[in-house]
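A single structure is presented below for examination.
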There are 4 protein chains.
Amino acid sequence: MIIQLSKEISSEQKEIIIHEVSKIGYHPSEVKTQFAHYIIAVGKAEFDIRKIGNLTGIIDIHRVSDPYKLVSKKWRVYDTEINLGDNIYINRKQLSIIAGPCSIESPEQIDHSIAHLKANNIRMMRGGVFKPRTSPYAFRGVGLEGLKVFSEKCKANGIKIVTEVMQVSQVEEMHDFVDIFQVGTRNAQNFNLLDALGKTDKAVMLKRGFSGTIEELLQAAEYVFSNGNENIILCERGIRSFETAYRNTLDLNAVPILKEKSHLPVIVDPSHGVGLRNYIEPMALAAVMSGADGIIMEVHQCPEKAISDGQQTLNYPEATQLYSHLHQAYALKKSFNGV
Amino acid sequence: MIIQLSKEISSEQKEIIIHEVSKIGYHPSEVKTQFAHYIIAVGKAEFDIRKIGNLTGIIDIHRVSDPYKLVSKKWRVYDTEINLGDNIYINRKQLSIIAGPCSIESPEQIDHSIAHLKANNIRMMRGGVFKPRTSPYAFRGVGLEGLKVFSEKCKANGIKIVTEVMQVSQVEEMHDFVDIFQVGTRNAQNFNLLDALGKTDKAVMLKRGFSGTIEELLQAAEYVFSNGNENIILCERGIRSFETAYRNTLDLNAVPILKEKSHLPVIVDPSHGVGLRNYIEPMALAAVMSGADGIIMEVHQCPEKAISDGQQTLNYPEATQLYSHLHQAYALKKSFNGV
Amino acid sequence: MIIQLSKEISSEQKEIIIHEVSKIGYHPSEVKTQFAHYIIAVGKAEFDIRKIGNLTGIIDIHRVSDPYKLVSKKWRVYDTEINLGDNIYINRKQLSIIAGPCSIESPEQIDHSIAHLKANNIRMMRGGVFKPRTSPYAFRGVGLEGLKVFSEKCKANGIKIVTEVMQVSQVEEMHDFVDIFQVGTRNAQNFNLLDALGKTDKAVMLKRGFSGTIEELLQAAEYVFSNGNENIILCERGIRSFETAYRNTLDLNAVPILKEKSHLPVIVDPSHGVGLRNYIEPMALAAVMSGADGIIMEVHQCPEKAISDGQQTLNYPEATQLYSHLHQAYALKKSFNGV
Amino acid sequence: MIIQLSKEISSEQKEIIIHEVSKIGYHPSEVKTQFAHYIIAVGKAEFDIRKIGNLTGIIDIHRVSDPYKLVSKKWRVYDTEINLGDNIYINRKQLSIIAGPCSIESPEQIDHSIAHLKANNIRMMRGGVFKPRTSPYAFRGVGLEGLKVFSEKCKANGIKIVTEVMQVSQVEEMHDFVDIFQVGTRNAQNFNLLDALGKTDKAVMLKRGFSGTIEELLQAAEYVFSNGNENIILCERGIRSFETAYRNTLDLNAVPILKEKSHLPVIVDPSHGVGLRNYIEPMALAAVMSGADGIIMEVHQCPEKAISDGQQTLNYPEATQLYSHLHQAYALKKSFNGV
């Protein structure tokens, strides 16, 4: 049950509501986001909703049968829109493209990437500065100092940054230099990190765990939302299966399901999904047709020389062609929904 | 190594070739299809290909490093086209749509289905008469007599039949009433059945095993081809993973990979793939964008009353709209490849 | 619902029972096995069981909520025992060991194997004569003629044969030379083959599909049982997962579950399970401790020279030591259950 | 390559070694643990090992082809032993049993648990105070204050504590109250947490990710070791597969593989593994037979009333019987290895 509170509610009125909710056997949690103030009550008993609905200070009340509440479309019927400023949005009305290298490598590489993005009218750039690596001896990213350079150059060019945050202490450190905090697949159930990101005012992109269920992804979003941050983007990036012909099983089935179950925007990462350069274009196009609101993809001036993930990274001419195809596919898909 | 033989080769010439191939440590198998005559030689030793290439009776010779040989695109550079007669083809040049009920139920149901297909200019109908069922107590199909009625009505309307064959003895029984033999996911590695289908002159549609790898699907095709039948269609229909939010993980990643590795047409079954009615349209559209040459899907006059698979079956208005969207998506995809 | 009929029931009495069962909305199937005669009725309606229970010709009646009926322990409380003749049994009272090569290769190899088994007091030998192979160009077994030699030698030495049957037509051909028909993992849902094996009087060992659920294995057994054959052995042999460090994920969790859900004996194949020689002993011992009633394993005089599966095959000294350890582990496990 | 340095090495000597290693194209990392001082050099070039081996300050030098180095048995031939003090060890010479509730609930519950452990001569207790929960609205543990009570009571009774740490900042907070830091399955690749735990002097138990490979588990251990902490225990606890008959697929195949590849002790968690009370005993016994050095399991005075995981928790009489069986199984297994 989601109880939306009036912004002017007094603490006495709130206490009464919490008391009444507890009395009927529900466990209440208070949630205050950028936009609104809620009591989330979890329980199973039958009761007459009017008993609570009549209390002073309540704007709205909804029963939500899903295990996740605030991210469920059963509650919020309109779609969430992420406003990144400077007229840059991620929503369900237009195709968002985020492109850039796997890892930030050097100032020159950032310059090249920005030039490529600007030439293609793309205003969001990806690029890792803290890299989760299976081996402790591998390159782990240029770190915070690299991020500062990355940020400075992007700000100067009106480009927003999406980059991975790996631990709680980085949230504050990175805050001023990031537009969208990305939670990587290995941290998909790092609940402390999700809690911390729920307390920032920056947008959060949640990658599905490589063996996370669709419901677990939505519960991860519930963590962020219930800690106070409504600006959440869901990202499908491939799961583990028995197949070894590609890197991950990009699970496009998740896209229409996430869009039906939730009001959050859904984007797809075909680079980590199928993970092989030849198949990025067909899978990105397929993602758009499955209903994706955006694509996040790896591009590099010279994929063969990229520090990481070169085998799944497009070069600029390949990427430029793909952007054009993606926009055409999105327009067609949109024309279907309008019928 | 694939050695294509002259059609006029004498048996003495053939014996010499087989002898020479064996001498260099390769294991030769003779293959005679509808269209050509080959020696397939499997082995690992290094040798001078000219030693064999100069023998009389050889048209062409190719080394193929893939574990499958005749179905590999490393050997045959042009795409295989299935000619079903009456100007009906499955190939890589146009979108093939196969639609119909999960199970054939009654003559009336066949009539309704045919009327629906004709109204939509679709010329291939699916419909099971032998049904593989997990429980021995479930409905197992109307059988051969039902197939005869199905066939008669389709022939009268210029419609081709795709239906599942479950065992070797059915191949001959069903032969005259079938245009495409479908091998179901549970028989994906029923090698005796594949052998038998390699000896028919009818086309064969191979469904990927629900935990079969892409390579295993291609090896299943190699069974059919090496027994003499070149008319093979590959079908992705979903694999098993840990996710329980849908019926199967429709693995569209397989589509561009199969198209790159093989010269055979590739179709996708979104009905068994995602397995939930609401998501058939987005996944079918995504399949086309991933490169599918065709879609096989379940439609029924009244899915709620279908004997089997109603939850994944579209009704006629839904299907009619989807056909139109599929053709538009295919046209767009084709325009990209032409660039 | 399982209705056990009197052996002296008249056809009129049976018709009345079938009629009454249908009247309450249940779908009746008649089953006649080596040992008894049943009506299996599947349905969901609530009804007063006495209405049927009082009809003449009924010995016993049980409601079974499992999707499988005759193989469920909810119905049959005693354990099924397979009697292979000559005082050789597979049951839940003693450890059954089945050993032998992956493939039958030659008369000499059979002789060596038999000598090894006799020296170790083992009376069941495995050995494939029809081999399911991923590639059509691989060795596919010595076939029926090889089986006849295999059978003759085993009969002369009081040893029972377990060997794979791949298709319906082989059931009759192989019948006289086989003691236990093995259904391989790729045919785990070859329902026509299961039907045919239900009509023989030989025991059947069902291997779990490499992506078959525990319930699907039990339903496969239900196919055999409901066609008339109660002599069924279940075999866990490894499933497919994302892990690539071994051949298959031997799923010992299935063992205690199968033993609780069913009354059939359960054996384990560690050779195909973990699939690497070094780990056969620990996994075989673990299987016994998980509750396995038997072990089927690959041994060869010289695994390095075996035609197939050498990397997972033990040599004779390794196997001899393992048999001894297995019996000690089984004795210990049995002592626990007696507490 | 692992280069073990003399404890008396001068910084100049070390610089020379690092310089020489870099010159041959290897990437050197310095590692200083509780016990020794190393340079780990990763690279692929061929070179004459004597060039480096002769440098002053080097005790020993090993090439290790595994992707993990310090945790590999190819380098360290003796087994790692964890000394927890008070004559409590985890090693490969005796069976370690760790038991206790899923969550710490109350002082009384701790008392009951300790009494149970002492009665069974068990000296390590598990119990979560920080609980990773899929839903943000679920009980998340009694926290640090609860841990202090837990610690006080255990210290008073000579019992060591194993409890989960979820984030970097907790490492220091929890340090004085913990004997073994447990890294949960969801944090199996939380590399920052692994780094931080590598800098403590407390032992670390690493649970395998529920879709982590065996190699990834060993690389996680490499993170801890290469940060300075050699006291690592590996724990198999079940992976995700398509099977839904149980909670997780306890993967005992991992046990003999981990023991062969690494020198670290390996324990098994059957409670989270199979996840159903009836099957804990057979799977725990099977784990011991597969080679496990220890078992970690959930016990509770009254599993039906446990706050979490009651369905997989044994009561005291069940647990007491299992401890006895486990010791008997371990003794038998040990007798085999001695042969």
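When segment A:117-141 is examined, which residues are found to be within 14 Å of another protein chain (Cβ to nearest Cβ), part of a loop (DSSP other than H, G, I, E, B) and not hydrophobic (A, V, I, L, M, F, W, C)?
Answer for segment A:117-141, where residues must be within 14 Å of another protein chain (Cβ to nearest Cβ), part of a loop (DSSP other than H, G, I, E, B) and not hydrophobic (A, V, I, L, M, F, W, C): A:K131, A:P132, A:R133, A:T134, A:S135, A:P136, A:Y137, A:R140, A:G141.
Okay, next question. Hey, among D:L194, D:L144, D:L206, which residue is surrounded by fewer than 19 Cβ atoms within 10 Å (Cβ to Cβ) and within 14 Å of chain A (Cβ to nearest Cβ)?
It is D:L144.
Scanning for something hydrophobic (A, V, I, L, M, F, W, C), at pLDDT 95 or above, closer than 25 Å to C:V42 by Cβ and surrounded by 24 or more Cβ atoms within 10 Å (Cβ to Cβ), does segment C:265-288 turn up at least one residue?
Among the residues of segment C:265-288, not one is hydrophobic (A, V, I, L, M, F, W, C), at pLDDT 95 or above, closer than 25 Å to C:V42 by Cβ and surrounded by 24 or more Cβ atoms within 10 Å (Cβ to Cβ), which makes the answer no.
Take the residues in segment B:209-230 that are farther than 12 Å from C:T134 by Cβ and out of contact with any Leu (no Cβ under 9 Å at 6 or more places or on another chain), then tell me which one is farthest from the other protein chains (Cβ to nearest Cβ).
B:G228
With respect to A:Y89, is the statement that it is more than 30 Å from D:N227 (Cα to Cα), of a type in the set (S, T, Y) and outside the structural domain of A:G310 (by TED's automatic domain parsing) true?
no
Of everything in segment C:49-79, what is within 20 Å of C:Q13 (Cβ to Cβ) and assigned to a loop (DSSP other than H, G, I, E, B)? Give them in sequence order.
C:I49, C:N54, C:L55, C:T56, C:G57
Given the conditions (1) among the aromatic types (F, W, Y); (2) touching a His at 6+ places or on another chain (Cβ under 8 Å); (3) within 30 Å of B:T320 (Cα to Cα), and given that A:Y330 satisfies all but one, which numbered condition is not satisfied?
(2)
Within the set of pairs 6+ apart or on separate chains, which have a first residue in segment C:77-89 that is closer than 13 Å to C:K202 by Cα, a second that is of a type in the set (G, A, S) and not in a loop (DSSP other than H, G, I, E, B), and C-beta atoms under 7 Å apart?
C:I82/C:A203; C:L84/C:A203
Just to be sure before I move on: is A:V71 among the aliphatic types (A, V, I, L, M), in contact (Cβ under 8 Å) with a residue 60 or more places away in the chain and in contact with a helix residue (DSSP H, G or I) (Cβ under 7 Å, 6 or more places away or on another chain) in the structure I sent?
Against the criterion (among the aliphatic types (A, V, I, L, M), in contact (Cβ under 8 Å) with a residue 60 or more places away in the chain and in contact with a helix residue (DSSP H, G or I) (Cβ under 7 Å, 6 or more places away or on another chain)), A:V71 qualifies.
Continuing with the same structure: Go through segment B:117-136 and count every residue that is crowded, with 21+ Cβ neighbours inside 10 Å and over 22 Å from the mean Cα position of the chain (by Cα).
Going through segment B:117-136 one residue at a time, the tally reaches 1.
Then there's this: Kindly indicate which of A:I97, A:I110, A:I114 is farther than 30 Å from D:I40 by Cα and either outside any helix (DSSP H, G or I) or within 14 Å of another protein chain (Cβ to nearest Cβ) (or both).
Just one listed residue meets the conditions, A:I97.
Out of curiosity, is C:F130 in contact (Cβ under 8 Å) with a residue 60 or more places away in the chain, among the aromatic types (F, W, Y) and within 23 Å of B:A188 (Cα to Cα)?
no
Identify all residues within segment C:316-339 that are part of a helix (DSSP H, G or I) and either in contact with a Cys (Cβ under 8 Å, 6 or more places away or on another chain) or over 30 Å from C:I110 (Cβ atoms) (or both); write none if there are none.
C:A331, C:L332, C:K333, C:K334, C:S335, C:F336, C:N337, C:G338
Right, another one. Picking from B:A319, B:A331, which residue would you name as being surrounded by fewer than 21 Cβ atoms within 10 Å (Cβ to Cβ) and either more than 16 Å from B:H112 (Cβ to Cβ) or modelled with pLDDT of 95 or more (or both)?
Just a single option satisfies the conditions, and that option is B:A331.
I need the full set of residues from segment C:29-48 which are polar (S, T, N, Q) and assigned to a strand (DSSP E or B), in order please.
Residue satisfying the conditions is C:S29 alone.
For segment B:244-255, which positions are buried (at least 24 other Cβ atoms within 10 Å of the Cβ) and either out of contact with any strand residue (DSSP E or B) (no Cβ under 9 Å at 6 or more places or on another chain) or assigned to a loop (DSSP other than H, G, I, E, B) (or both)?
Across segment B:244-255, the qualifying residues are B:L250, B:D251, B:L252, B:N253.
Of the conditions (1) buried (at least 24 other Cβ atoms within 10 Å of the Cβ); (2) touching a strand residue (DSSP E or B) at 6+ places or on another chain (Cβ under 6 Å), C:H300 clears all except one; give me its number.
Answer for C:H300: the failing condition is (2).
Could you count how many residues in segment B:52-80 are within 26 Å of B:T213 (Cβ to Cβ) and surrounded by 13 or more Cβ atoms within 10 Å (Cβ to Cβ)?
Qualifying residue count, segment B:52-80: 15.
Consider A:L326 against the criteria (1) within 12 Å of chain B (Cβ to nearest Cβ); (2) of a type in the set (A, V, I, L, M); (3) farther than 20 Å from A:M125 by Cα: it satisfies all of them except one. Which criterion is unmet?
(3)
Does segment A:260-287 hold any residues that are closer than 14 Å to A:D309 by Cα, assigned to a helix (DSSP H, G or I) and not charged (D, E, K, R), and which are they?
Listed by number, the residues that qualify are A:P270, A:S271, A:H272, A:G273, A:N278, A:I280.
I'd like to verify a number: residues in segment A:11-28 that are surrounded by fewer than 18 Cβ atoms within 10 Å (Cβ to Cβ) and not in a helix (DSSP H, G or I), how many?
3
For residues that are of a type outside the set (A, V, I, L, M, F, W, C) and out of contact with any Gly (no Cβ under 8 Å at 6 or more places or on another chain), scanning just segment B:256-267, find the one that is farthest from the other protein chains (Cβ to nearest Cβ).
B:H263
Out of curiosity, is B:D201 more than 10 Å from chain C (Cβ to nearest Cβ), touching a helix residue (DSSP H, G or I) at 6+ places or on another chain (Cβ under 8 Å) and exposed (fewer than 15 other Cβ atoms within 10 Å of the Cβ)?
no
Quick one: what pairs do we get from segment A:268-297, first residue more than 7 Å from every other protein chain (Cβ to nearest Cβ) and farther than 17 Å from A:Q182 by Cβ, second aromatic (F, W, Y) and surrounded by 24 or more Cβ atoms within 10 Å (Cβ to Cβ), C-beta under 7 Å, 6+ apart or different chains?
Cβ pairs passing all conditions: none.
Report the residue count in segment B:235-255 for those that are more than 10 Å from chain D (Cβ to nearest Cβ) and among the β-branched types (V, I, T).
1
Consider segment B:164-187. How many of its residues are within 18 Å of the chain's Cα centre (by Cα), more than 14 Å from every other protein chain (Cβ to nearest Cβ) and without any contact (Cβ under 8 Å) to a residue 40 or more places away in the chain?
4
Could you list, in sequence order, the residues of segment A:194-239 that are of a type in the set (G, A, S) and within 21 Å of A:D251 (Cβ to Cβ)?
Selection gives A:G209, A:S211, A:G212, A:A220, A:A221, A:G238.
Name the one entry in B:R208, B:R186 that is in contact with a Cys (Cβ under 9 Å, 6 or more places away or on another chain) and not polar (S, T, N, Q).
After applying the criteria, what remains is B:R208.
The values are calculated or read from the model by the stated rules, or taken from the named source; none is laboratory data. From a predicted model like this one, the values you see are computed outputs, not experimental measurements. Neighbour counts are summed over all protein chains in view; Cβ atoms, including those assigned to glycine, are modelled from backbone coordinates with ideal geometry.
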